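The values are calculated or read from the model by the stated rules, or taken from the named source; none is laboratory data. It should be emphasised that the depicted structure is a prediction, and the values quoted were computed from it without experimental measurement. Every residue, glycine as well, gets a Cβ built from its backbone with ideal geometry; the counts of neighbours run over all protein chains shown. Surface accessibility is based on the protein's heavy atoms, side chains included, excluding ligands, DNA and RNA. Shrake-Rupley method; radii C 1.70, N 1.55, O 1.52, S 1.80 Å.
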Amino acid sequence: YFGNLKLGLIGSLGGLVILYLPENGTITSRFVTMLVSSFVYIISFALGQFFSFNKLSSVITIGIFTTLVHWIVLVYKTSPPRSFFFIMIASLSICQPFNLDTIPEKIGALSLGTIFACILATITILGKTLMHKGKNEPAVIFEFKKNNVADVWEAVVLGCFMALGLTFGNLMGYSNPY
């Protein structure tokens, strides 16, 4: 595993999950956010790897995945970066050459990156908690103002444009159409 730059790049891509660490909230909500984000990172990368065997399947998969992820992010009103990195990781993964033998190795490298990021997030959360032990932090107020029609259509439009962008990239013959 030493000297393998490709796996190192995939692992460092998993480290980007630290960007989803919330600044406010309880310790539990911060940990849950990091764990859920890590799981979605791994699912995004795995879906891209499994459906990169055919250009048509990649276009359909990226369209449906983008629509679902963006809709879920809109429903739960998450803070930035929202669905950007989930979609980016799926796009990068779906444009890699399909090799069934290396899929577990690549998913494992990304998973290790997310694990190391979660360890760093744990140190950050516990350090911040110990430093501000006497101070009361304001609770996070969750507001769910439902506008289901707008959320669904926004997600569908984004999914369609992502699929169209990948289709045009494939038709133009780009080696990396993401």
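For this structure, a couple of remarks:
- Packing, as the average of other Cβ atoms within 10 Å across residues, places the peptides 162-170, 121-129 in the order 162-170, 121-129, highest first.
- Accessible area expressed per residue, the chain, with surrounding protein chains retained (probe 1.4 Å, Å²): 63 Å²
- Choice from Glu154, Glu105, Glu23 with maximal GNM fluctuation in the chain (Cα, 10 Å cutoff): Glu23
- When you work out D = kT/(6 pi eta Rh) for the stretch 1-52 at 4 °C and 1.567 mPa s, using the Kirkwood radius from C-alpha pairs as Rh and the Stokes-Einstein form, the result is 104 µm²/s.
- Hydrophobic long helices, here whole DSSP H runs in the chain with Kyte-Doolittle means of at least -0.5 and Cα atoms spread over 18 Å or more along the helix axis, are found at 27-50, 55-75, 103-131, 148-171.
- Shape call, the stretch 57-116: gyration tensor on alpha carbons, a/c limit 1.5: oblate
- Between amide H atoms placed 1.01 Å from N, distances below 5 Å from Thr26 occur with Val140, all of them 5 or more places distant or on a separate chain.
- When the chain is treated as a GNM with alpha-carbon contacts under 10 Å, the residue of Lys106, Lys133, Lys77 showing the greatest mean-square fluctuation is Lys133.
- Radius of gyration (Cα atoms) of the chain, expressed as a multiple of 2.2 N^0.38 Å: 1.15.
- Restricting the calculation to Cα atoms, the stretch 1-103 yields a radius of gyration followed by a Dmax of 14.7, 44 Å.
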